[in-house]
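Take a look at the structure set out below.
Any read-out appearing in this document is the output of simple, stated calculations on the displayed coordinates, not a laboratory observation. Remember, it's a predicted structure, so these values are computed and weren't measured experimentally. Every residue, glycine as well, gets a Cβ built from its backbone with ideal geometry; the counts of neighbours run over all protein chains shown.
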Amino acid sequence: MSLLPVATARQNILSAVKTLPTEQVALDDAHLRVCAEDLRAQRTQPPFPSSAMDGYAVRHSDMAKPEHTLTVIGEAAAGHVFEGNVGAGQAVRIFTGAPVPEGADTILIQEDAEIMSAGNIRATEVLAKGAFIRKAGLDFNQGDVLIQAHTQLRSAHMALLASMNMPQIPVVKKPRIGVLATGDELVMPGEDIGPGQIVASNNFGIAARIRELGGIPIPLGIAKDTEASLMAALEQARAAHCDAIVTLGGASVGTHDLVQSAFEKQGLNLNFWKIAMRPGKPLMFGNIGDMLFIGLPGNPVSSMVCTELFLVPMIRKWLGQNTELSFIKARLTCDLRQNDRREDYLRATLSPSAVDDSLPDISPFEKQDSSMLATFTKAGALIKRAPHAPPAAKGDIVDVLLL
């Protein structure tokens with residue numbers, strides 16, 4: 001089987017992903033969910049003209065004579081309406097957030113009010129008409145679209161939704177994604193580590209990335225290098241109603257790489273295996289009935305890079321979001337040699353430009369071994385190099401995928 005171009009592999013994957021259905025959740029449960037439709041305000045905010053400061057509600061016409069004394073006829077506090085009307089020569093003591101009484105059109109802030117005697121004040125400043133009054137609808141009006149469909153709801157959205165008077169939110173169902181590490185060499189963190197064994201790591205990083213993007217990672221543990229162990233994990237994924245299963249390792253051609261053969265006996269329809277990419281060549285994709293299958297490489301960095309290029313767009317497609325990757329331009333700080341036939345992704349760090357402010361500088365790490373997680377955590381970006389790209393010189397402009 002020939003190596004599939006990266007763009008074709010991604011398109012094949014996205015073509016198999018369908019947007020998930022909608023459900024209603026309580027506002028308290030909507031954080032980090034993806035809204036399923038445009039969200040419109042159910043009320044106007046503020047719903048009435050209100051005071052932006054503590055002071056006095058007055059008529060602007062009375063401010064034309066700063067020496068004029070005003071009689072305080074009552075008080076308006078937040079949550080309470082002054083029932084009367086402010087007439088000529090009158091004022092109402094008012095506090096921030098309180099409705100502006102009828103007849104008043106300006107707020108004289110308390111710093112600019114001199115108390116003359118019991119129940120009387122005088123303005124010490126001439127104010128503009130309407131000063132310190134928040135008009136009704138200053139923030140938004142009923143029916144305004146304030147949050148676009150397919151937005152992931154962050155903390156600021158939650159406050160806005162509450163002010164929109166939306167106790168129930170329509171959201172896209174979360175994709176359920178089984179995460180299965182494979183290999184006799186793996187143990188879980190904290191377990192006894194035998195000779196030749198290592199601690200499983202990329203399953204935790206990938207599960208966290210799924211969760212960040214709005215999916216539900218279903219931990220399937222570690223499958224041993226036996227068909228029985230792999231089949232048991234697959235049954236666990238089916239029982240958990242996973243939309244997809246992601247395997248880590250076992251996708252190469254060694255004697256102990258059994259994922260493909262074991263899953264084919266369970267109905268795997270393989271779409272492709274092996275792509276023209278570094279790191280991440282042994283990527284697999286297909287479906288087992290209604291459940292999608294993506295087999296990531298076992299090397300930690302390979303699996304994490306493949307997650308950004310393939311699993312992230314998958315999740316976004318499930319949630320109805322934009323699946324385009326976030327590429328920018330940056331300026332190389334060193335030379336790069338000619339690339340071979342595979343699309344290459346080099347871990348690198350971004351920094352402010354040493355030349356001008358138009359583009360950031362990009363510096364690849366000297367060592368790019370796909371087992372080195374420490375450099376991946378320090379990398380803010382991946383330099384993309386096309387197949388057969390010619391040598392690149394310091395100062396050249398390159399495509400960069402933000403992490």
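Only the Cβ atoms of Lys and Arg (+1) and of Asp and Glu (-1) were treated as charged; on that basis the dipole of the chain about its Cα centre amounts to roughly 1060 debye. Residue ranges 53-60, 235-242 sort as 53-60, 235-242 when ordered by packing (mean number of other C-beta atoms within 10 Å per residue, highest first).
For G249, neighbours were defined as the other residues whose beta-carbon sits under 14 Å from its Cβ, and their charges (Lys and Arg +1, Asp and Glu -1) total -2. Across the chain, the mean sequence separation of Cα contacts (distance under 8 Å, 6 or more residues apart), normalised by length, yields a relative contact order of 16 percent.
Across the stretch 256-357, the volume of the C-alpha convex hull divided among the residues equals 137 Å³ per residue. Here the scattering of the stretch 50-134 is modelled by Debye summation over its C-alpha atoms, one equal scatterer each and no solvent; at q = 0.17, 0.22, 0.24 Å⁻¹ the log10 of I(q)/I(0) is -0.54, -0.94, -1.14.
Here the relative contact order of the stretch 1-103, from alpha carbon pairs under 8 Å that lie six or more residues apart, stands at 26 percent. Rounded to whole numbers, the Karplus 3J(HN,Hα) couplings from phi for the stretch 195-210 are x, x, 9, 9, 8, 5, 9, 5, 5, 6, x, 6, 4, 5, 5, 4 Hz, using 6.51 cos²θ - 1.76 cosθ + 1.60 with θ = phi - 60°, and x at Gly and Pro. Across the stretch 138-144, rounded Karplus estimates of 3J(HN,Hα) from the backbone phi angles (6.51 cos²θ - 1.76 cosθ + 1.60, θ = phi - 60°) give 4, 7, 6, 10, 4, x, 5 Hz, Gly and Pro being marked x. With one equal scatterer per alpha carbon and no solvent term, the Debye-computed log10 I(q)/I(0) for the stretch 327-402 at 0.15, 0.25 1/Å reads -0.47, -1.24. Which of these values of Kirkwood radius over Cα pairs in Å was calculated from the structure shown: [x] 23.1; [y] 20.9; [z] 25.8? Identified label for the calculated read-out: [z].
Across the options L108, L14, V145, the greatest Cα extent toward the positive end of the charge dipole of the chain (unit charges at beta carbon of Lys, Arg, Asp, Glu) belongs to L14. Using R0 = 22 Å, the C-beta based FRET efficiency linking A374 and E191 works out to 0.50. The slack between E212 and D290, meaning 0.36 nm per residue of separation minus the straight C-alpha distance, is 25.7 nm.
Annotation: amide H-H contacts under 5 Å for M372 (H modelled 1.01 Å from N, sequence separation of 5 or more, or interchain): V301.
Under 20 Å from the 7 Å Cα→Cβ point of E75, by amide nitrogen: which residues of the stretch 28-61? Residues 50-58 fall inside that zone. Considering only M166, M188, M116, the Gaussian network model of the chain with Cα springs below 10 Å gives its largest mean-square fluctuation to M116. Distance from the C-alpha centroid of the stretch 9-73 to that of the stretch 286-301: 42 Å, rounded to the whole angstrom.
Please determine, in degrees from 0 to 90 and to the nearest 10, the orientation of helix 6-15 with respect to the longest principal axis defined by the Cα atoms of the chain, where the helix direction is its Cα long axis. Orientation of helix 6-15: about 70 degrees from the principal axis. Close amide H contacts of A131 (hydrogens built in the peptide plane, cut-off under 5 Å, sequence separation of 5 or more or a different chain): I107. Could you give the angle, 0 to 90 degrees to the nearest 10, between helix 227-239's Cα long axis and the longest principal axis of the Cα atoms of the chain? Computed tilt is about 30 degrees.
For the chain, adding -39500 (n - 2.57) for each run of n ≥ 4 DSSP H residues and dividing by the number of residues yields -4500 deg cm²/dmol at 222 nm.
Modelled spin labels at K394 and Q11, positioned 7 Å past Cα toward Cβ, are 3.9 nm from each other.
So if the hydrodynamic radius of the stretch 13-99 is defined as the Kirkwood radius over C-alpha pairs, what does Stokes-Einstein give as its diffusion coefficient at 25 °C and 0.890 mPa s, in µm² per second? For the chosen part, D equals 141 µm²/s. Determine the relative contact order of the stretch 220-311: mean sequence separation of Cα pairs under 8 Å and six or more apart, normalised by residue count, in whole percent. Computed value for the stretch 220-311: 26 percent relative contact order.
Here the Debye sum runs over all C-alpha atoms of the stretch 269-316 as equal scatterers in vacuum, and log10 of I(q)/I(0) at q = 0.13, 0.22 Å⁻¹ comes out as -0.27, -0.75. Using θ = phi - 60° in the Karplus curve 6.51 cos²θ - 1.76 cosθ + 1.60, the 3J(HN,Hα) couplings for the stretch 115-130 round to 7, 7, 7, 4, x, 10, 9, 9, 6, 9, 9, 8, 9, 6, 4, x Hz; x is entered for Gly and Pro. Would you report the distance distribution of C-alpha pairs in the stretch 72-192 as whole percents per 5 angstrom bin, up to the bin with the largest distance? Whole-percent P(r) values from 0 Å outward: 2, 8, 13, 14, 10, 7, 7, 8, 7, 5, 3, 3, 3, 3, 3, 2, 1, 0.
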